[in-house]
1. Quick check on the chain: helices-only [θ] at 222 nm, where DSSP H runs of length 4 and up contribute -39,500 (n - 2.57) each and the sum goes over total residues. Nearest 500, please.
2. Taking the Cβ of Ala235 as the centre, find all other residues whose Cβ is under 12 Å away and add up their charges (Lys, Arg: +1; Asp, Glu: -1).
3. Read phi for every residue in the stretch 89-94 and hand back ³J(HN,Hα) as whole Hz from Karplus 6.51 cos²θ - 1.76 cosθ + 1.60, θ = phi - 60°, with x for Gly and Pro.
4. If packing is taken as the mean number of other Cβ atoms within 10 Å per residue, what is the order of 235-241, 55-61, highest first?
5. If Lys and Arg each add +1 and Asp and Glu each add -1, what is the summed charge of the other residues whose beta carbon sits under 12 Å from the beta carbon of Arg224?
6. Name the long-range amide H neighbours of Asp101: under 5 Å, sequence gap of 5 or more, or other chain; modelled H, no Pro or chain starts.
7. May I ask for the equivalent-ellipsoid semi-axes of the stretch 106-246, computed as the square root of five times each C-alpha gyration tensor eigenvalue and listed largest first in whole Å?
8. Relative contact order for the chain: what is it in percent, counting Cα pairs under 8 Å that are at least 6 residues apart?
Amino acid sequence: MLTVTTLNLNGIRSAASKGLEDWVAATAPDLLCVQELKAQPPDMAGRFDTLAGLRGYFHCAVKKGYSGVGIYTRHEPSDVVVGIGVPEFDDEGRYLELRFDTPARAFSVVSVYFPSGSSGDERQQAKFRFLDEIAPQLARLAAERECLVCGDVNIAHTEKDLKNWRSNQKNSGFLPEERAWMTQLLGGGAWVDVYRRLHPDAEGDGYTWWSNRGQAWAKNVGWRIDYHLATPGLAATAQRASIYKAQRFSDHAPLTLEYAYRL
């Protein structure tokens, strides 16, 4: 069994102070994909190189205290790919791919952090540019190898994926253009939204992010914006999905999937 967790940390130092490492030790995933490190290499070195026995690989942003992704793994990768080859977004630390290739198969796990457009039109336009750049990258991946893409996509795909969908139709994260991008990605047969495959009718139980405003967490006014996106062969092996809400490490909840697959 291959167990993979994805979590937006909203700062690795903050999440660590809230008991993240003990939880990772207790749950023992094979891979932990993380987003929003909000740390630079000197901050990571000697402190977060490993987590509960898992070795970390990272793509940090140039800007301090901003973005950044990583993957902690129990298995040694055959190759590491950092970034998508687009300086605007590679400087923001948004894409890290670990390859676990053998003579018999090509297999990748990706940790990705899509931009948020909620701060205004400038960032929303950057988000649209990122969607345009990442789409062909994902198409190439799916054509060449079995792959699992984990991360904070900052898009709720359908009305089931957020509590207040009616009032959010003009807000970043639920814009028609963003939802159409997800529909196109998932409709071509190359990628599967694995949680939704296992839980086609889930609504509130599937939320992974809650605003810090008001009583969003207490009232479960959430969004499902964290995903496992898998190529069909891998998606077909998915056995179980869980969203851990007993502790809070950040404003997101960890999403864990178990696959009948061996690295």
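1. Helix contribution divided over all residues of the chain: -7000 deg cm²/dmol.
2. Details: positive: Arg196, Arg197; negative: Glu146, Asp193.
Around Ala235, the charge tally is 0.
3. 9, 5, 5, 8, x, 10
4. 55-61, 235-241
5. Details: positive: Lys160, Lys163, Arg196; negative: Asp152, Glu159, Asp161, Asp193, Glu203, Asp205, Asp226.
Value of the local net charge: -4.
6. For Asp101, whose amide H was placed from the backbone, the distant partners under 5 Å are Ser78, Asp79, Phe107.
7. 24, 20, 12
8. 21
Taken together, the values in this text are just the output of simple stated rules run on the coordinates, not laboratory data. Just so it is clear, the model here is predicted, and its values are computed rather than measured. Reconstructed Cβ throughout: ideal geometry from the backbone, glycine too, with neighbour counts over all protein chains shown.
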